[in-house]
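Written below as structure tokens is the structure these notes are about.
Since every read-out is calculated from the coordinates, none of them should be taken as a lab result. Values in this document were obtained by computation on a predicted structure and should not be read as measured data. Here the Cβ positions follow ideal geometry from the backbone for every residue, glycine too, while neighbour counts run over all protein chains shown.
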Amino acid sequence: MIETVPYEDAVDLLDADHKAVKAMFIKFNGLCDDGASAQDRQEVAEKICKELTVHAQIEEEIFYPAARRALHEEEGKELLDEAAVEHQTLKDLVGRLESAPTDDPLYDAGVKVLSEYVKHHVREEENELFPKVKSSGLDLADLGSKLEARKSQLAGRARRTSRNGSGGRRNRRESASADDKRTSH
Ligand SMILES: [Fe+2]
Ligand SMILES: [Fe+2]
């Protein structure tokens, strides 16, 4: 389940999201080290993917455009353009994990690559983008409320999708049998 954490403003909320995802990656690595079952590892990885998807969406819809306006185009252009490209790669990695069969031998490696990539992206946001936005005069408390409202909406939708089972992954046998049905008539 995607947690909604207490926050003071937009940057605080995004920082809290970063910490939550970092903690989930640490949990995933711990499960790998302890030889936990594939099901347990994948359950954590699926939560990571959901959290990252919601986080990227609220940044793209609300935070990045506000930051672009507040930083008067030139100052933030390079950072925000790079962030947009990095989000695309993050979403590709998440999409690969979400559609991977449950017995994919590269699944754990995919989570580790995602973890490294997220670490790099978060470092740039926290060390370069957030300080610039903080000193730009942007109303971060108001922006934080908008981010929180959108996050709750998207997290609710993600929960409903998981409950309906449409977000679940299939093992190879199930995939093959579903494909057979699709091609048999
Ligand atoms: Fe981001
Ligand atoms: Fe972020």
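Structure notes:
- Here the convex hull built on the C-alpha positions of the stretch 1-128 has a volume of 101 cubic angstrom per residue.
- Once you reduce the stretch 1-68 and the stretch 75-89 to the center of their Cα atoms, the two points are 19 Å from each other.
- Straight-line cross-link reach from residue 146 at under 14 Å between alpha-carbon atoms covers these aspartates and glutamates, not counting any fewer than eight positions away in the same chain: 8, 9, 12, 59, 60, 61.
- Compared with the alpha-carbon gap, the fully stretched path from residue 74 to residue 109 is longer by 8.8 nm at 0.36 nm per residue.
- Computed from the C-beta positions of residue 146 and residue 88, the FRET efficiency with R₀ = 35 Å rounds to 0.90.
- Pairs exceeding a 26 Å alpha-carbon distance, out of 77/119; 50/132; 27/50: 50/132.
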